[in-house]
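Working notes, structure below.
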Amino acid sequence: MRIIISGGGTGGHVYPAIAIANALRDRGVEDILFVGANGKLEMEKVPLNGYPIEGLWISGFHRQRKWRNISFPFKLLFSLMKARKIIDKFKPDVAIGVGGYASGPLLKMAQRKNIPTLIQEQNSYPGVTNKILAKDAAKICVAYNKMERYFDQKKILVTGNPVRKDLMHIDNLRSEAFSYFDLDQSKKTILIFGGSLGARSINKAVDHKKDVIKKLDGIQILWQVGKIYIDNYQDADIARMDNVTVLPFIDRMDLAYGAADVVVCRAGALTISELCITGRPCVLVPSPNVAEDHQNKNANALAEEGAAIVVADYDADHNMITTAVELIHDKETQESLSKNLKRLAKPESSEMIVDEILKLVNR
């Protein structure tokens, strides 16, 4: 059995892909090949998880800076040709697309060769690539309900987004988490992060309220600022506060969630799936700078289920920290948010997707 997995660009695409590959490996599938975009996150993270990967010379289509699209037709043609060579050499039984522009050429070429394809759509509003590929896909695994607005209902299966298994038992890690991050176990903890690279507006919102944070009684903040922003904050006044821990990157998100009473973060699909699995009450600050406005749609989908509080990015300076502090003092709302998050969780997501992949192989 030979499986090819394509896509990436961001952690929201890469980590679900790795989770699917791990679930396939647990079922005894050994021949798994990834295809990503040269220079993107997957080219680093996939090999670190023990899988081979091929890179395509491909990038997204720029909607605003259209002059940057001059090379796009050449990149697309080149990537289609290389995708065909990869498929001819590897001879996959099934091709899986997890979104992102790298999955476009690979899955389109697989479809032309009558190789069954499965799409995994992480967001509540599908990306352009998956919309294009959906017509000829055999199966479409989605994370949200009501996706028949965009895809053929007969192909849809609601599986949720695959997440790492180490997030499924975080309540047992609380003592270890406080020790790992050198936190005070007697204090309530607000975890703040903006994705692996950080988020400028979230960081500014924290710094903007440093006088408020300094006066917080019995509350501490674990704050991932991102590698590209660490130089701006590691020596700042707020970083010297006893109740604030500033980190460039958190390599143990299981422990970070384990320590958290409340989480403040972006609304990427992977992050939302992690929140559902962990059940951590959250304040979402959706990024306005993503394709198709995915994060606002994701956040609003959670808010409609009573599973999250949403603060607009433009309002973060004034309301983000205030809202998080109010939430950490409101046990009743915390319990309601946590209950509704867990109701939306799909801990068996990876296994459900693998079941569909194996059905396609058998077919």
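Once the stretch 25-74 is narrowed to residues that are part of a loop (DSSP other than H, G, I, E, B) and surrounded by 18 or more Cβ atoms within 10 Å (Cβ to Cβ), the residue that is modelled with the lowest pLDDT is 60. Checking the stretch 152-161 against the condition returns no match, with no residue being in a helix (DSSP H, G or I), of a type outside the set (A, V, I, L, M, F, W, C), within 24 Å of residue 286 (Cα to Cα) and touching a helix residue (DSSP H, G or I) at 6+ places or on another chain (Cβ under 7 Å). Being surrounded by fewer than 20 Cβ atoms within 10 Å (Cβ to Cβ) and over 26 Å from residue 218 (Cβ atoms) holds for only one residue in 232, 296, 319, and it is 232. Scanning the stretch 337-363 for residues that are in a loop (DSSP other than H, G, I, E, B) and under 22 Å from the mean Cα position of the chain (by Cα) yields 345, 346, 347, 348. The sole residue among 201, 179, 175, 196 that is assigned by TED's automatic domain parsing to the domain that holds residue 278, of a type in the set (Ser, Thr, Tyr), assigned to a helix (DSSP H, G or I) and in contact (Cβ under 8 Å) with a residue 40 or more places away in the chain is 201.
Within the stretch 322-360, the set of residues being touching a Lys or Arg at 6+ places or on another chain (Cβ under 8 Å), of a type in the set (Ser, Thr, Tyr) and either in the same structural domain as residue 22 (by TED's automatic domain parsing) or crowded, with 21+ Cβ neighbours inside 10 Å (or both) is empty. In the stretch 15-24, the qualifying residues are those that are under 14 Å from residue 46 (Cα atoms) and out of contact with any Leu (no Cβ under 6 Å at 6 or more places or on another chain), and the one that is surrounded by the fewest Cβ atoms within 10 Å (Cβ to Cβ) is 22. Consider the stretch 328-349 and keep the residues that are touching an Asp or Glu at 6+ places or on another chain (Cβ under 9 Å) and at pLDDT 95 or above. The one that is nearest to residue 119 (Cα to Cα) is 341.
The values are calculated or read from the model by the stated rules, or taken from the named source; none is laboratory data. Since this is a predicted model, take the numbers as computed values, not measurements. Neighbour counts run over all protein chains shown; Cβ positions are idealised from the backbone, glycine included.
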